[in-house]
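The values are calculated or read from the model by the stated rules, or taken from the named source; none is laboratory data. This is a predicted model, so every value here is computed, not measured. Every residue, glycine among them, receives a Cβ derived from its backbone with ideal geometry; neighbour counts consider all protein chains shown. Surface areas here come from the heavy atoms of the whole protein model, side chains and all, with no ligands, DNA or RNA. Shrake-Rupley method; radii C 1.70, N 1.55, O 1.52, S 1.80 Å.
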Amino acid sequence: MKHLIKKYNRNDKISKILTKGSGMLFLLIVITLFAVLLIQSYPVIHHVGILDLFTNSAWQPNHNHFGIIIPLTGTLLTTLIAGVIAIPVGIGTALFISEYCPFKIRAILSIAIELLAAIPSIVYGLWGYKSLAPFSANYIQPLITNTLGKLPFVGSFFSSADAIGTSAFVAGLVLAIMIIPFIASFTRDSLNQVPAVIRESAFALGATHYEVVRDVMLPFAMRGLMTGIIMAIGRALGETMAVAYVIGNSPHWINNIFQPFATITSTITAEFKEASGVHISGLLFLALILLIVNTITILLAKRYANKRSKV
């Protein structure tokens, strides 16, 4: 008996050491990543000045202008477009599979979602450039321009006479298609974990199917739903190849979402190979800003999810 107790104690100590070591290693990796990017970004901060980096709208490395406003705005804009499209579609897809889909095709749709999540981003980029961009220019852009373009105040942001194809909107649309599977998969799994007794109790009290979904299923699955959204937004913020193919990578302000724009990742991808000196430091500073933005977004989303889960 004493031998077994010593064995269990030894295994418990080893388990604690391994888990603590894993946690500390992960924390060390994150700290090291921030530290390396900050150190490598110091030359451009020292040469240009931190204030000029955040206030100058020009990204012109040949003239030592490294304003991050345009690529940062492009990153946030494309992510916003992707989120507006993907979040309701992803949640709706999960609800359909979990609650309304016939059992015979439920497995097929679930496999299709997993397959879409596994497709490499470069495939999405090539498909977006060759197929989605022309389709958007010929059909989606005129539709949005004729509807949202007539709205007061914000209508000009959705109206464009030029059907270029590569634009901030197409980049956001490609990102939306990429992140829908993440939202749908996490939401579906969370909905499937709702205890049957809770659903049946709601039906027994006279609730309709819609009321059960709205007042019982979604609140119970909120934590998993928000986890999926966090994962999806994180991928949208940091996506590179899919965006680089379809956004146009234009370092100029845009008047509407159907014009070419630039993001942090597309700028780094297009310029890093030929960059040198302060230019490399400027690109690494962009990477640091992207990491900070991603971290802040995840922290805010997790805080919101924790609040909703306690309600």
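Points to keep in mind about this one:
- Hey, residue 74 of a type outside the set (Asp, Glu), surrounded by 19 or more Cβ atoms within 10 Å (Cβ to Cβ) and either without any contact (Cβ under 8 Å) to a residue 40 or more places away in the chain or not assigned by TED's automatic domain parsing to the domain that holds residue 297 (or both) or not: no
- Flag for residue 167 being at pLDDT 85 or above and farther than 30 Å from residue 299 by Cβ: yes
- Hey, residue 232 assigned by TED's automatic domain parsing to the domain that holds residue 134 and modelled with pLDDT of 85 or more or not: yes
- Residue match in the stretch 214-229 (condition: in a helix (DSSP H, G or I), modelled with pLDDT of 85 or more, under 21 Å from the mean Cα position of the chain (by Cα) and among the β-branched types (Val, Ile, Thr)): yes
- Those residues of the stretch 223-233 which are of a type in the set (A, V, I, L, M) and crowded, with 19+ Cβ neighbours inside 10 Å, in sequence order: 225, 226, 229, 230, 232, 233
- Comparison of 62, 56 shows that the only residue that is open to solvent by less than 50 Å² (accessible area, probe 1.4 Å) and without any contact (Cβ under 8 Å) to a residue 60 or more places away in the chain is 56.
- Within the stretch 264-285, residues that are within 22 Å of residue 172 (Cβ to Cβ) sit with their Cβ atoms under 6 Å from residues that are not in a helix (DSSP H, G or I), at 6+ positions apart or across chains, in these pairs: 265/240; 266/247; 266/249; 269/240; 270/249.
- Some residue of the stretch 147-157 being in contact (Cβ under 8 Å) with a residue 12 or more places away in the chain and farther than 13 Å from residue 257 by Cβ: no
- Helices (runs of 4 or more DSSP H) wholly inside the stretch 2-120 that include at least 3 residues being more than 27 Å from the chain's Cα centre (by Cα), modelled with pLDDT under 85 and basic (Lys, Arg): 2-48
- Verdict on residue 256 being in contact with a helix residue (DSSP H, G or I) (Cβ under 7 Å, 6 or more places away or on another chain) and on the phi > 0 side of the Ramachandran plot: no
- Scanning the stretch 139-192 for residues that are open to solvent by 70 Å² or more (accessible area, probe 1.4 Å) and part of a loop (DSSP other than H, G, I, E, B) returns 151, 152, 153, 154, 161, 162, 164.
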